[in-house]
Amino acid sequence: MLTKKQISENLAETLQLMDEFPRGEAPAQKAAIKIARHLNEMGIPYVLVDGLAVGAHGHKRATVDVDLILNKADLARFKQRWLGLGWVEKFKGSKGLRDAEFNVKVDILTTDEIPGDGKTAPFTFPDPATVAAELPGIWAGVRVIDLPNLMTLKIVTGMTVPKRPGDYDDAMRLIEANNLPRDFADKLHPFVRAKYDELWQITQTPDPKPEA
């Protein structure tokens with residue numbers, strides 16, 4: 001159980017993030033924009049995924065790290081160029097990085113990996129060169145994964161990792177934020193279409209009205 005001091009500190013951090021995110025000033029946002037700039041300069045294909053991508057596609061929520069898809073060869077190129085010059089490995093030989101300036105974790109997913117539990121889905125993470133969406137505002141110039149692929153990844157994680165129900169919640173909030181139709185399932189990988197339909201139907205249920 002957390003102490004009162006820990007609860008107070010967590011609340012203060014949460015409130016700070018809630019204030020920073022709408023202004024594009026949260027550490028994770030700054031770290032994402034920074035690494036995207038350097039990847040763009042190197043001509044390395046990548047896409048931003050998970051929490052920041054969910055926010056970019058309309059379900060705005062705070063997150064404290066950056067998640068990217070790269071291929072292994074390009075990750076090696078980036079590390080060779082930038083390790084020790086703004087980024088460090090989370091541990092020696094790890095795929096993951098830490099932005100030393102903003103103290104933000106940068107989790108790297110590679111195109112040879114299977115999403116979710118790493119074994120069940122019949123597909124790997126998509127080629128970042130083919131699934132980027134061009135978005136305005138603070139994300140201009142940042143390659144964010146497109147909505148169909150983001151939805152596929154969110155649902156497959158919920159399906160194969162039971163302790164990650166938040167991915168189902170992200171998927172439903174994205175359905176609501178984008179007013180997605182039922183047949184949006186046709187744009188998703190066949191493995192997740194039935195679950196999308198189930199989640200879509202849940203989103204059509206009116207929220208209960210508070211008691212007077």
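Near the amide H of A100, within less than 5 Å, lie the amide hydrogens of W87, V88, all on another chain or at least 5 residues away, with H placed in the peptide plane.
Within the same chain, lysines fewer than 8 places from K195 are excluded, and of the rest, those with a Cα less than 30 Å from its Cα are K60, K119, K154, K163, K187, K209. Rounded to the nearest 20 debye, the dipole magnitude of the range 98-212 is 180 debye, with +1 charges on Lys and Arg beta carbons, -1 on Asp and Glu beta carbons, and the Cα centre as origin. First check a/c for the chain, with a ≥ b ≥ c the square roots of the eigenvalues of its C-alpha gyration tensor; if it is under 1.5, answer rounded, and if not, answer prolate when a/b is larger than b/c or oblate otherwise. Since a/c reaches 1.5 but b/c is at least a/b, the shape of the chain is classed as oblate. In percent, rounded to a whole number, the relative contact order of the chain is 18, using alpha-carbon pairs under 8 Å and six or more apart.
Just to be sure I understand: of the beta bridges DSSP finds with both ends in the chain, what percent are antiparallel, rounded to 5? That works out to approximately 60 percent antiparallel. Close amide H pairs (under 5 Å, H built 1.01 Å from N) link A121 with no residue at least 5 positions away or on another chain.
Coordinate-derived values only; no laboratory data. If you're wondering where the values come from, they're calculated on a predicted model, not measured in any experiment. Please note: Cβ atoms are built from the backbone with ideal geometry, for glycine as well, and neighbour counts cover all protein chains shown.
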